[in-house]
Structure formats: C-alpha cells, structure tokens
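Shown next, in structure tokens, is the structure this report addresses.
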Amino acid sequence: MDNSQFSLFSLHPSWKEKQIKLVPNYDIETYIQPITKKMNIKKNKHIFLCIYNIEASEEYLHTHLKYFLYKQPDNDNKFSNLVTFPYVLYTSGDPLKIAEKTIKNIFTNDMSCKGFVEEDNNLYLFYHYTDDIPKHPNLKSDNNYWWGLIDEICNKKEIINYPIHDSVCNLFLNNPGLIYLTVFYDNIKHKLEIPVVAYSGEYYKLINENFELVDRTLHSMFGPYYIFSDTFTKSLRYACWTNNYKPAYFNKEKITNENGRYIKSKIVRVALFLGNSNVVRTEDDVIMKKIINNYDNNEKKYNIKSDKKYTYKWKKNIDSLLIGKIPFKKLDGYFNYINRDIIVKTKDRFIPLSIHDIDVNSLGPFHNSNYTKYKIL
C-alpha cells in the first residue's frame, strides 16, 4: 500500500522548529532490477544511460531531481534536435562494461550502476551523479548534453522547444515510482514538490551577470511579483519585443528595430516551485469578471488599459498564480496575459537552470504563439 502524500515542507515548518533533520530519498532501487539479476538484451537494441542528480537544499524548497539527456544535432533528418537518454547500440559483450566505458567518455568521475529496467527489449541502466551541476550555464543550440527536469520529461515533453523522445517520457510514466523524491516524517512518507519549468527574458543588458532576472514586474495588476511563461515560445513575446511593438531606447541608445524587436535578447530557463497555487478564472473571481466586462464593453480593446484600473487580490497563503486562456465574452481573443501565465510572489520560488541567447534571425517581424521554429543561438 502506498501511504505517501504530497507535502510542501517549506510551507509546513513544524519539523524545522523541532530541529529534525530530514534526508530526501530517491527510492529508485525499489522500482528497478538489481544488477545481480540477469540482463536480457538482444543485438541491435539499445543500452540507455539514465543518469540522475539530486539537488538538495536545507529547507527542501529547492530540492529536486534532474536527469541527464542527450540532444541530437540540428540537421535535416527526422531526428534533428531530438532529446533522448545517452545511448549505445548493443552488439555483444557485457552491458555494464559497455555503459561504464561510455560514461567515462562523458564524465570524469566514476559512477556505479544502481540497477536497470528492461522495456521493449532495450536496457535502461541507472546511475547517480553526485557532483554539483554548474549553476545556470549559458547553453547553446549545439550543446549535446542537457539536464532535464521531471516536469520537462513527463509533462512538457520538451526542453526549450527540442522534443523529448517517447522512450524517455514513457520510462517514467510506466514506472511512476521513478518520478518522486520523498522524505519520511511523522511515520508518513511524503512526496516532495516537483518544480515546473518556466521561462522569462528581456533585452540582454537587463539580465545581470548572475543570470538572474533583474527585478520584479512592478507595474502589474497582479502586484510587484515575478512573471513567467510556461513555454519557451510564449516567453519570447516579451523577451524579444517591446510591449507595444514600438521602438525602445536604453541609455539613449536604440535597442530595437522599427517593429520593437530587440537587437539582442536573452532568456532564462528556471525551475519554479509553485507551492500553494491558485488558478485565475473569471467564473469565481470578481476582479477578473470586472476586467473582462470592461474590455467587452469597449469596441477598441487595445486602446484601453482596463487591467491597470484594478489590483488583483491574492487569496490568503497563496504563493503563485496560474493564468490560463481567459476568453472575452463579446470580443474575439483572450485576456492579454496569455503569454505570461505563471506569477510567483517571492524570489526563493525559482532557481535559474540555464540562460540562452535568442537567434533573432528566427523571430520574424512579430511574435507568433503558434510558430514552433524559434531558435536559440
């Protein structure tokens, strides 16, 4: 019987007040086969290297799991930019020795195999990478290796806009015990929160040397908080263009073209811990009803600033807001926060994972939320 339950220890600090030190567990060996058991793999099948890292924090707010992934090169074939586990085509020999040799070609440190899973006649070998991962590296499109969040693997099924192969996603969906980190407290095994991936960007000089967003969004109806997009494509709207698609200046220097597109932009990919989250909807939110009605009662919705007239009232003990597609009732289209759909109150709710320079040649004159070919350099 699974007696685990979802828990956010950062929000319920009774364990901390009692000075109890909890250790995060990844009960992986419960869900995989031990290496003492015979491995069945046939010629011309694949050995996949499932290398994971646990980034722990003392308060558990940032403790999370990542897996090491391989991105195919950008080319003209059907596997272009496809993300998989690192793999080896098996012909003959000891799978463990083959895997060990491959790992040594990638990493400098030794790793021992924790066990394996067999699926579709392929072999998935698991290894724990215990060294620290470089903080928020500037990753380029030609980087072969990426550390991916569980949310990127199982939910988004992409990193940036690089598709993750079904063999990676299905391994976790077919073996859900591999998804969670846990802690044991009060005789209950608690699952730790899984962070979601999010993106935010700006004109490149407005992202500081520590690869962090410079400041909160100060002039928002939702308050002076941190606003993100849940996909790379959405985030480019404000990372690469001004709010009104008009030219802008920075220290008296023009930084856009005539369409308000920045000459150079950066984007930050973060792991975001939602905590207690609330979904913003018009059905049960008085302020949102007023805003939508105000838009609907004006023929020229883009000539008014109806959302500036209101301040959103956060419910008690809410850490984040999720803003979905909120349709107008009379007008075509949706409320204008559609490209920025996650808001968190405090900076400790997110940690940068990587930073990316945008390929401005892939952008076009205006943002298109349905376009899937935007690129990083």
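The values are calculated or read from the model by the stated rules, or taken from the named source; none is laboratory data. Small disclaimer: the values here were computed from a predicted structure and weren't measured. Counting neighbours? That spans all protein chains shown, and the Cβs are built from the backbone with ideal geometry, glycine included.
The residue list Leu65, Leu49 contains one member that is surrounded by 11 or more Cβ atoms within 10 Å (Cβ to Cβ), at pLDDT 95 or above, touching a Ser or Thr at 6+ places or on another chain (Cβ under 8 Å) and not in a loop (DSSP other than H, G, I, E, B), which is Leu49.
Checking the stated criteria, Glu158 turns out to be buried (at least 18 other Cβ atoms within 10 Å of the Cβ) and touching a residue at least 40 places away in the same chain (Cβ under 8 Å).
Hey, can you tell me all the residues within the stretch 73-116 that are out of contact with any Asp or Glu (no Cβ under 6 Å at 6 or more places or on another chain) and hydroxyl-bearing (Ser, Thr, Tyr)? Within the stretch 73-116, Thr84, Tyr87, Tyr90, Thr91, Ser92, Thr102, Thr108, Ser112 qualify. When Leu353, Leu331 are screened for being of a type in the set (A, V, I, L, M) and part of a loop (DSSP other than H, G, I, E, B), only Leu331 passes.
One residue stands out among those in the stretch 174-190 that are surrounded by 15 or more Cβ atoms within 10 Å (Cβ to Cβ) and assigned to a strand (DSSP E or B): the one that is modelled with the highest pLDDT, which is Thr182.
Conditions tested, residue by residue: (1) touching a residue at least 12 places away in the same chain (Cβ under 8 Å); (2) assigned by TED's automatic domain parsing to the domain that holds Ile160; (3) not in a helix (DSSP H, G or I).
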| residue | (1), (2), (3) |
| --- | --- |
| Tyr70 | yes, yes, yes |
| Asp74 | yes, yes, yes |
| Lys78 | no, yes, yes |
| Val88 | yes, yes, yes |
| Thr91 | yes, yes, yes |
| Lys97 | no, yes, no |
| Gly115 | yes, yes, yes |
| Tyr124 | yes, yes, yes |
| Tyr127 | yes, yes, yes |
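Kindly establish whether Tyr238 is out of contact with any strand residue (DSSP E or B) (no Cβ under 7 Å at 6 or more places or on another chain), surrounded by 18 or more Cβ atoms within 10 Å (Cβ to Cβ) and in the same structural domain as Ile358 (by TED's automatic domain parsing). The answer is yes for Tyr238. Of all residues in the stretch 208-220, one or more are at pLDDT below 85, outside any loop (DSSP other than H, G, I, E, B) and under 21 Å from the mean Cα position of the chain (by Cα).
Pull up the stretch 124-155, narrow it to residues that are closer than 21 Å to Ser112 by Cα and among the β-branched types (Val, Ile, Thr), then point me to the one that is surrounded by the most Cβ atoms within 10 Å (Cβ to Cβ). This residue is Ile133.
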